[in-house]
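To start, the structure under review is shown below, and the notes come after it.
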Amino acid sequence: MSRALALVFTQGVSVEQWAAQGLLERERLPYQRLVKRGVGVLWFTYGAGDKRYEAELRGIEIVPMPRLFDSRLGRLAYSLLLPWVRAREFRRADTVKTNQMKGAWSAVLAARRHGKRLVVRTGYTWSLFPPAGLLDRLAPLVERWACAAADEVQVTTESQRAYLIARHRLAPARVRVIPNFVDTARFSPAPALARRDDRVIFIGRLSAQKNLETLLAALAGTGLGLDLYGDGPLRERLEARAAALGVPASFHGRVSNAELPAILNRHAVFVLPSLYEGFPKALLEAMACGLAVVAADAPGNRELVEHGRTGLLAAPTSGGLRAALISLQADAALRGRLGQAAATEASGRFSLESVAALEAHAR
């Protein structure tokens, strides 16, 4: 290979997980684009059986984790030993890149061991998220070490860039904003589909971060229903809460990314009540499909939605969300105007082509 990129997956994450979560079709797109341009792409993953996905990835080479490490402690050990266990494959690359900050130590060690250029990419700021375990408590240290070692740091929003520069005293020129992309070939308005205006849609993990109990309280008594796509630890609690409040909520579970365009285009309004986000892909996909969006005025959301032009930002309270949703429910013209502006914004700034051009310039 004349040029090759080694992508190190988030610690513990496999291609099999991406496929099961319906993410593989989306996540592979920028790397298949590199392959078409003659760049070799190697995915270093934590799935012992991931090699079986290689044929459908059209040119992306999967470097799977040996079965010897297929346990919780084994995967952690593999993340530390990866540069030596897969030394031959790393030597074929000229750039090593992280998929997220969690597990970035593998990429740092590999780049140092084999003398490769290091790109530390993160879609969200790990140290700002509440720790869910012991490993998460090391986030500030890992973040500082990885950013200091990187030839280039890539983040998805300006606020992440400012935070990392200030916290870790990084040279501004080394930190670039490369936003998430949306596949506008699939996520776009579908005029032939009738949009429901009596139900709003949420897509995401059913977790405390998403502030869904507050959303249910906001919907109580409005006559609006809620369609939720995704799964998570709060599902049973949310089902019980919706029933208690009399909110007609349907929990559809997890669906593949390929199914989402048609699902989104059958709704007029998308809501994301999260307390914090990195760069919310579901929100971007809803905007690309021309939905009027309501998002909590929180980090991540406010950098994607311009209030009153491409959507509505609301206080992350039941009252704030209720007021925004009722205003859209009562005004079809407003829904149409916001949805059209959102679709234009998404296709212009966040298409795969636009984001790929930014990344090419960053190189």
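The values are calculated or read from the model by the stated rules, or taken from the named source; none is laboratory data. Since the model is a prediction, treat every value here as computed from it, not as a measurement. Positions of Cβ are backbone-derived with ideal geometry, glycine not excepted, and every protein chain shown enters the neighbour counts.
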Go through the residues of region 264-272 one by one and say whether even a single one is aliphatic (A, V, I, L, M) and closer than 26 Å to residue 102 by Cβ. yes
Going through region 313-358 in order, the residues found to be surrounded by fewer than 17 Cβ atoms within 10 Å (Cβ to Cβ) and either at positive phi or outside any helix (DSSP H, G or I) (or both) are 315, 317, 330, 331
Residue hits (region 1-58; among the small types (Gly, Ala, Ser) and over 28 Å from residue 72 (Cα atoms)) are 2, 4, 38, 40
Picking from 308, 339, the residue that is touching a strand residue (DSSP E or B) at 6+ places or on another chain (Cβ under 6 Å), modelled with pLDDT of 95 or more, more than 24 Å from residue 209 (Cα to Cα) and in the same structural domain as residue 210 (by TED's automatic domain parsing) would be 339
Condition set more than 23 Å from residue 23 (Cβ to Cβ) and among the acidic types (Asp, Glu), scope region 187-236, selection nearest to the chain's Cα centre (by Cα): answer is 213
Residue pairs within 7 Å by beta carbon, gap of at least six or interchain, first lying in region 124-143 and more than 16 Å from residue 161 (Cα to Cα), second among the β-branched types (Val, Ile, Thr), listed first then second, are none
When region 104-146 is checked residue by residue, the ones that are under 27 Å from residue 276 (Cα atoms), charged (D, E, K, R) and at pLDDT 95 or above are 121, 143, 144
